[in-house]
Amino acid sequence: MENKQNEKIKLGAFILMIFSSIFGFSNSITAFYQMGYASIIWYVVTAILFFLPSAMMFAEYGATFKAAKGGIFSWLRGSIGEKNAFVGTFIWLAAWVVWLVSSTQFFFISVSTVIYGEDQTQTWHLFGLSANKTLGIMEVIFLAVVTFMASRGINKITKVASVGGIFVFAVSAIFVIASVIVLIANHGQLATPLTGASLIHSPNKAFVSPVAIVSFIVYALFAYGGMETMAGVTDSLDKPEKTFPRGIIISMIIMTTLYIVCILISGIAANWYGVLGGKSVNVGNCEYVLINNLGVRMGQSFGMSHGGALAMGHLFSRFTALSDVLGGLGAAFVMVYSPIKSFIEGCDPRLLPDRLTKLNDADMPAFAMWVQMIIVSLIIVFVSFGGNAANRFYTILMDMMNVSSSAPYLFLIGAFPFFKQKKGLDRPFIFYHTQKSAWITTIVVWLVIAIGIIFTCIEPCLTGDYMTAFWTAFGPVFFGIVAWCFYTYKEHRHVLDD
């Protein structure tokens, strides 16, 4: 009987994994909150100039290096050499480690919303500890459970991520259907009028300046970002040379369409100024505010009483939070495994301790995953128990991640023409058929990312927040220097050993 650990991931499961790990329904809501209908233009521009061309690049990488266990590390090493691959992948890994710190906090906000209909995490207390300390302990336990389960095999990750992907699809479908019902009940009238001006100008005062608007590119990039993390499961796919590019292409089309549709219909039931313009609404809770409003408006469309309409709003909030919980679980399962797996299995084994590169019986880098879990947990505990100094550290950490999560794309995209120049590679999927098209596309996409990063670093300076600007720009530089110094040290030591 075939070992279940060796079961291959089919196309449908792979697409669900992509959605669970990458697509964020809340991204479209947050985009509407930040820029209203004007965000549509930037999502379309980003899809055309970044998501479409980069997804095709990743599809070529993945199909060509289908047997590589090192994911994007193997992609980069096969294109621009191991040292550059080590630096680029280390920056990428560092960003995802910080993401694990922040994602656990949002996970429990969603759990609270499922239970209570709203965020009550600040009222939670264990053993007489404050809410922040209680959450810190819960986050560490959550990460330990996820790491334990994920280390038991890729099939465990696939199952959890697939369930999360199904619920991500479901909440998007419910949002669209409910919005159409409200639109019909309102005889086609939108709560937030759709005009030529609204497609260009943001109702949010924080996104009026040209620099702030262009910096929104990085937010849109992050909404589409993460497709490269799927490289970590390429060797676990069924017929990866076909499944990987097909999964990416199908996901790309559905994801882009859903983002645009969800942004567009966000204004059907919610007047931006009346629902999202209040001081109590922020990036963290705007999703639930808008969904709750949609439920209330749909209840009113059905002729429900005021209490019944409010109950419908709470039901919508809870289901959306449940989707976020399951989607967050799926993303956590993938992210505790895929980035660290790509890093340790891609680089020269001599660079890392033997225990880090060793795989367990389930063919998983379990020890490395537990080391990662300990590092993330130490950061969480320090932030939770460290007071004001720790909070400032956490703010700095998040600022460093803002650009660090996008900077590795400069390596991945920049390496593509060199990948195309390599001879003797089996290329079962080719989208860019000429070297000229590869270079032109690379330059355009690379500039889009670079401009977005530059404006993100500049934007805080306009408000006098030079500290945020410094750490935002310094993040990828710091992680890159650490990686370069470490590799150089190991390189010289091994040269001497030889």
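The values are calculated or read from the model by the stated rules, or taken from the named source; none is laboratory data. Everything numeric here is computed off the predicted structure, so don't read it as measured data. We place every Cβ from the backbone using ideal geometry, glycine too, and count neighbours over all the protein chains shown. When the accessible area is computed, the model is the full protein with side chains, heavy atoms only, and any ligands, DNA or RNA have been set aside. Shrake-Rupley method; radii C 1.70, N 1.55, O 1.52, S 1.80 Å.
In the set Leu310, Leu329, Leu359, Leu351, only one residue is among the aliphatic types (A, V, I, L, M) and at pLDDT 85 or above; that residue is Leu310. The lone criterion from (1) basic (Lys, Arg); (2) open to solvent by 30 Å² or more (accessible area, probe 1.4 Å); (3) touching a Gly at 6+ places or on another chain (Cβ under 8 Å) left unmet by Lys279 is number (3). The requirement of being touching a residue at least 24 places away in the same chain (Cβ under 8 Å), touching a Pro at 6+ places or on another chain (Cβ under 6 Å) and assigned to a helix (DSSP H, G or I) is not satisfied by Thr320. Residue check: Tyr409 meets all listed conditions (1) of a type outside the set (Gly, Ala, Ser); (2) at pLDDT 85 or above; (3) surrounded by 16 or more Cβ atoms within 10 Å (Cβ to Cβ); (4) under 21 Å from the mean Cα position of the chain (by Cα) but one, namely (2).
Conditions (1) surrounded by 15 or more Cβ atoms within 10 Å (Cβ to Cβ); (2) not in a helix (DSSP H, G or I), marked per residue:
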{"residue": "Arg355", "(1), (2)": "no, no"}
{"residue": "Asp361", "(1), (2)": "no, yes"}
{"residue": "Met369", "(1), (2)": "yes, no"}
{"residue": "Ile374", "(1), (2)": "no, no"}
{"residue": "Ser377", "(1), (2)": "yes, no"}
{"residue": "Ile380", "(1), (2)": "yes, no"}
{"residue": "Val383", "(1), (2)": "yes, no"}
{"residue": "Asn388", "(1), (2)": "no, no"}
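Table: residues versus (1) under 25 Å from the mean Cα position of the chain (by Cα); (2) without any contact (Cβ under 8 Å) to a residue 60 or more places away in the chain.
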{"position": "Leu264", "(1), (2)": "yes, no"}
{"position": "Tyr273", "(1), (2)": "no, no"}
{"position": "Ser280", "(1), (2)": "no, yes"}
{"position": "His306", "(1), (2)": "no, yes"}
{"position": "Leu310", "(1), (2)": "no, yes"}
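Taking Phe244, is it open to solvent by less than 50 Å² (accessible area, probe 1.4 Å), touching a strand residue (DSSP E or B) at 6+ places or on another chain (Cβ under 7 Å) and among the hydrophobic types (A, V, I, L, M, F, W, C)? Yes: the conditions hold for Phe244.
Being open to solvent by less than 50 Å² (accessible area, probe 1.4 Å) and either assigned to a helix (DSSP H, G or I) or touching a residue at least 24 places away in the same chain (Cβ under 8 Å) (or both) holds for only one residue in Ala178, Ala206, and it is Ala178.
The single condition among (1) at pLDDT 90 or above; (2) open to solvent by 20 Å² or more (accessible area, probe 1.4 Å); (3) farther than 24 Å from Ala59 by Cα that Phe418 does not meet is (3).
Open to solvent by 10 Å² or more (accessible area, probe 1.4 Å), more than 27 Å from Pro365 (Cβ to Cβ) and either in contact with a strand residue (DSSP E or B) (Cβ under 8 Å, 6 or more places away or on another chain) or aliphatic (A, V, I, L, M) (or both) - does that describe any residue in the stretch 88-109? Checked the stretch 88-109: at least one residue is open to solvent by 10 Å² or more (accessible area, probe 1.4 Å), more than 27 Å from Pro365 (Cβ to Cβ) and either in contact with a strand residue (DSSP E or B) (Cβ under 8 Å, 6 or more places away or on another chain) or aliphatic (A, V, I, L, M) (or both).
Residue by residue, here is whether (1) at pLDDT 85 or above; (2) surrounded by 15 or more Cβ atoms within 10 Å (Cβ to Cβ); (3) hydroxyl-bearing (Ser, Thr, Tyr); (4) in a helix (DSSP H, G or I) holds:
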site	(1), (2), (3), (4)
Ile451	no, no, no, yes
Phe455	no, yes, no, yes
Ile458	no, yes, no, yes
Ile481	yes, no, no, yes
Glu491	no, yes, no, yes
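Looking only at the stretch 295-309, decide whether some residue is open to solvent by less than 20 Å² (accessible area, probe 1.4 Å), of a type in the set (Gly, Ala, Ser), touching a helix residue (DSSP H, G or I) at 6+ places or on another chain (Cβ under 8 Å) and within 18 Å of Ser172 (Cβ to Cβ). Yes, the stretch 295-309 has at least one match.
Pairs linking a residue in the stretch 96-116 that is touching a residue at least 60 places away in the same chain (Cβ under 8 Å) to a residue that is of a type in the set (Asp, Glu) and in a helix (DSSP H, G or I), with Cβ atoms under 7 Å and 6 or more positions apart or on different chains, are Thr104/Glu139; Ser110/Asp324.
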